[in-house]
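Single-structure report; data block below.
The values are calculated or read from the model by the stated rules, or taken from the named source; none is laboratory data. This one's a predicted model, so the numbers in the text were calculated from it and none came from an experiment. Don't worry about glycine lacking a Cβ; one is built from the backbone with ideal geometry, like all the others, and counts go over all protein chains shown.
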Amino acid sequence: MVQTLQADHIQCGARVLPLDRTLIMGVLNVTPDSFYDGGRFFDHQQAMEHAERLVAEGADILDIGGESSRPGSDPVSAAEELRRVGRLIETLASNLNVPISIDTYKAETAARCLELGATMVNDITGLRDPAMREVVARHDVPAVIMHMQGEPKTMQQAPSYGDVVSDVKDFLARRACDAAAAGVRQVIVDPGIGFGKTVAHNMELLRRLQEFSDLPYPLLVGVSRKSSIGQITGASPDERLPGTLAATAIAVLNGANIVRVHDVKECKQAVQMAEAIREA
Ligand code: HH2
């Protein structure tokens, strides 16, 4: 089945998430080096408590990552990634009432996490690996196809586009077709703010986000505490909540269906305001 009209819900295992309002994806990184929460939730108990807090604050989905993709970061093995996130995903999936997404581009990691109870895959390489497409199709879970130019290690060296919006859209449409051809039935697309893009590219994507609405897929946007906010305002990652709220609200106003954020409670209020203004 190829999606032709934008879906009105996503189905994560037995859970159905209607898309009649913006969904909030809470971020939890079990890494020593993520740009904002690196090292904070390396301990299992702290990670559990934070996950519970994000859900209590209104997260509709939890996105669990075991490898940082910040610019300049080094990849880790699937074994190390699984060691970081496996037990946590298993515990969260059986104790929390929201879908768990695994933030990985490795088919081996995704397959194991889906067996442990995750019901969504978030792939920053846009399901580039055919083995990943096969895993997602076999488990019949939604997958986030994100756009990135280059690899995290070098992606910020000289990002360049013809027209950033059409280039990113074309990439997402092509990857979504490849995914559908492999049997993936639910695709979510993401322009990949900060992944192989200058500040100007990121701002143009956010300003022209509405142009993504002619792709027949739900749209996810992650701008939370990212370095563009720092470059514009001079704020450190710890100080970027106000910039995050502004950018997240504008993403919602311009059509984002899902926002990926570290600060669920605060972003939920920003999302509610943006939705109310959009619908007024
Ligand atoms: N951003 C990050 C990681 N994964 N996935 C999607 N779909 N969209 C994003 O914008 C996105 C993502 C980077 O943020 P974070 O996970 O907080 O940092 P790190 O990669 O350093 O762990």
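Per the conditions (1) touching a residue at least 40 places away in the same chain (Cβ under 8 Å); (2) touching a Leu at 6+ places or on another chain (Cβ under 8 Å); (3) under 29 Å from residue 53 (Cβ atoms), the sole criterion not satisfied by residue 270 is (1).
Residue check: is residue 174 away from the ligand (no atom under 16 Å from the Cβ), touching a residue at least 12 places away in the same chain (Cβ under 8 Å) and not in a strand (DSSP E or B)? No; evaluated as a whole, the condition is false for this residue. Being at pLDDT below 90, closer than 24 Å to residue 237 by Cα and within 12 Å of the ligand (Cβ to nearest atom) is a description that does not apply to residue 35.
Residues that are touching a Pro at 6+ places or on another chain (Cβ under 9 Å) and surrounded by 15 or more Cβ atoms within 10 Å (Cβ to Cβ): find the helices (runs of 4 or more DSSP H) completely inside segment 196-280 holding 3 or more of those.
Values: elements: 199-207, 227-233, 241-253, 264-279.
By residue number, 199-207, 227-233.
Beta carbons closer than 7 Å, at least 6 apart along the sequence or on distinct chains, pair a first residue in segment 217-236 that is free of Cβ contacts under 8 Å to residues at least 24 places away in the same chain with a second that is more than 12 Å from the ligand (Cβ to nearest atom) and hydroxyl-bearing (Ser, Thr, Tyr) for 230/236.
Answer yes or no: is there a residue in segment 69-84 that is in contact with a helix residue (DSSP H, G or I) (Cβ under 7 Å, 6 or more places away or on another chain) and under 26 Å from residue 16 (Cα atoms).
Within segment 69-84, the first condition is being in contact with a helix residue (DSSP H, G or I) (Cβ under 7 Å, 6 or more places away or on another chain), and the residues that meet it are 78, 81-82.
If we keep only those that are under 26 Å from residue 16 (Cα atoms) too, we end up with none.
No: zero hits.
Keeping to segment 142-165, report how many residues are in a helix (DSSP H, G or I) and without any contact (Cβ under 8 Å) to a residue 40 or more places away in the chain. Adding up the residues that qualify gives 0. Report yes if residue 142 is crowded, with 18+ Cβ neighbours inside 10 Å, within 19 Å of the chain's Cα centre (by Cα) and more than 20 Å from residue 257 (Cα to Cα), otherwise no. So residue 142 does not fit the description; no.
Condition test on residue 135, is it in contact (Cβ under 8 Å) with a residue 12 or more places away in the chain, hydrophobic (A, V, I, L, M, F, W, C), more than 23 Å from residue 15 (Cβ to Cβ) and more than 15 Å from the ligand (Cβ to nearest atom)? So residue 135 fails the test.
Residues checked against (1) over 17 Å from residue 152 (Cβ atoms); (2) within 16 Å of the ligand (Cβ to nearest atom):
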{"position": "178", "(1), (2)": "yes, no"}
{"position": "181", "(1), (2)": "yes, no"}
{"position": "197", "(1), (2)": "no, yes"}
{"position": "212", "(1), (2)": "yes, yes"}
{"position": "218", "(1), (2)": "yes, yes"}
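Taken over segment 262-280, the criterion of being touching a strand residue (DSSP E or B) at 6+ places or on another chain (Cβ under 9 Å) and within 19 Å of residue 212 (Cβ to Cβ) is satisfied by 271 alone.
Which residue, of 104, 91, is more than 15 Å from the ligand (Cβ to nearest atom) and either surrounded by 19 or more Cβ atoms within 10 Å (Cβ to Cβ) or of a type outside the set (Gly, Ala, Ser) (or both)? Result: 91 is the single residue among 104, 91 that is more than 15 Å from the ligand (Cβ to nearest atom) and either surrounded by 19 or more Cβ atoms within 10 Å (Cβ to Cβ) or of a type outside the set (Gly, Ala, Ser) (or both). Would it be correct to say that residue 60 is touching a residue at least 12 places away in the same chain (Cβ under 8 Å) and either within 10 Å of the ligand (Cβ to nearest atom) or closer than 29 Å to residue 158 by Cα (or both)? When the stated conditions are applied, residue 60 does not pass them.
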